[in-house]
Amino acid sequence: MLKFGENNEVVQQEEYRAILVGLQVNEDISYSMEELEGLAEAAGVEVLATMVQSLEKPNNATFIGKGKVEELAEMCKKLEVDTVIFNDELSGMQLRNIEEAVGVRIIDRTILILDIFASRAVSREGKLQVELAQLKYRMPRLLGFGKSLSRLGGGIGTRGPGEKKLETDRRHIQRRVDDIKAELAETKGNRNVQRAKREKAAVPIVALVGYTNAGKSAIMNRLLEHTERQDKAVLEKDMLFATLDTAQRSIKLDTNYEFILIDTVGFVSKLPHALVEAFKATLEEVLYADLLLHVVDASYEANEFQLNVTDKVLKEIGAEKKERVLVYNKIDLLENQAFPVADKEHICISAKRGDNFNQVIEIIKKKIFSDRITAKLLIPYDRGDISSYLCEKAKVISMEYAELGTAFEVELTEADYNRLKNYDTI
């Protein structure tokens, strides 16, 4: 595991040995704990044991209760671990109390996710979004953090703003928060200009959404390969949060149907609110999409849990009513095993092998190009610009050179037809 200095330079390679701790209150947390283990592994942590406590409500001082904390301390000594990771977000006081009682590094789920995001962010905007979320998380915990805040490395890796100095106060953090918000606002303005250009050109948008590591980037790359644009491929890796920065690619099908494909950041359960808020500007692209392809890992037995996680995040950003198609990916890993399918429109594919991938293309055509208008247009020879536009942007059914101009039979958008209807021969 890499450890980073204040300027994000690598200062050393570290390995962590951890115990995972979860609190069960009225609901099964087995899937959530399994997910936490995956997050820990994604951060380079070796998980040695898991502890689950059942209570009616969290303990205000130690979250899991004094007796369980003492048991945790004994387990840490016996297994010689250096880190304990809690499955829920802890207050500053709880972090301090547990750390004093156990004697090892204590981090919660939010710190873990923020550190993973910080280590994976590539673009300037992505790094700013993560830093904003880290600072917002830290702000209310200044008084309770104690030793955790004073050392470089309160979390796993600590990339981003880092644990700078104990005397860093609210005023300093608030000043940095304001600076980051100003920079992100400028970035959002640039995105709005790009979006306005797309809307003017009437180019539809398809967004890939879903649980992290469900295969969204693999689907984007398969579509790029289909359209012979492999040079625009995005990072594709079998790990949680392999990619964080939203990728946009223009996809032009052989029918001249063109759309923008957006690959969004993946979701997990209990995604930190500060992180959702920080990434809201990026996730806004989902709100402007004409179609959502909700990617699900068909090979994961608890994919219904992942479905619900994505539904919850989409609702939080206001995109729950968007037209959506479920794409069950990774059927190559099923080995004839059955898996639950939601009672919604869906397709089953393998982005890795290409199984049924034509269905993805056909459903995109059906959903976003079904309103195309078929028209017969006679374009004068002195308007070669229009003829070129139709050949490039519309689906040309037939084209003939007539006495007064070029006769087209084309499928085109309603917006294009309204601009060119004076050339309609009907």
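Every read-out reported here was derived from the displayed coordinates using simple, explicitly stated rules and does not represent laboratory data. Note that the structure is a prediction, hence the values are computed from the model and not measured. With ideal geometry, Cβ positions are generated from the backbone for all residues, glycine too; neighbour counts draw on all protein chains shown.
Just check segment 1-140 against the gyration tensor rule for me: Cα atoms, a ≥ b ≥ c as the square roots of the eigenvalues, rounded for a/c under 1.5, and otherwise prolate or oblate depending on whether a/b exceeds b/c. Cα axes put segment 1-140 in the prolate bin.
Going down the list 127/312; 127/322; 136/315; 270/312; 376/421; 312/366, which pairs span over 18 Å between their C-alpha atoms? Violating the 18 Å limit, Cα to Cα: 127/312; 127/322; 136/315; 312/366.
Using the per-residue mean of other Cβ atoms lying within 10 Å as a proxy for protection, in what order, highest first, do the peptides 178-188, 112-122, 312-322 fall? Could the numbers behind the result be given before it?
Details: 178-188: 13.5, 112-122: 23.4, 312-322: 15.6.
So the order, starting with the most tightly packed, is 112-122, 312-322, 178-188.
Determine the sum of side-chain charges near residue 110: Lys and Arg each +1, Asp and Glu each -1, restricted to other residues whose C-beta is under 10 angstrom from that of residue 110. Before the final figure, lay out the partial values.
Values: positive: 109, 270; negative: 88, 89, 108, 115.
That works out to -2.
Classify segment 301-426 as rounded, prolate or oblate, taking a ≥ b ≥ c as the square roots of the eigenvalues of its Cα gyration tensor: rounded when a/c is under 1.5, otherwise prolate if a/b is larger than b/c and oblate if not. Prolate shape, in that a/c is at least 1.5 and a/b is the bigger ratio.
Jot down the per residue volume, in cubic angstrom and as a whole number, of the convex hull over the alpha-carbon atoms of segment 39-108. Walk me through the numbers before you get to the answer.
On the way: hull volume 6.1 nm³, N = 70.
Looking at segment 39-108, the number lands at 87 Å³ per residue.
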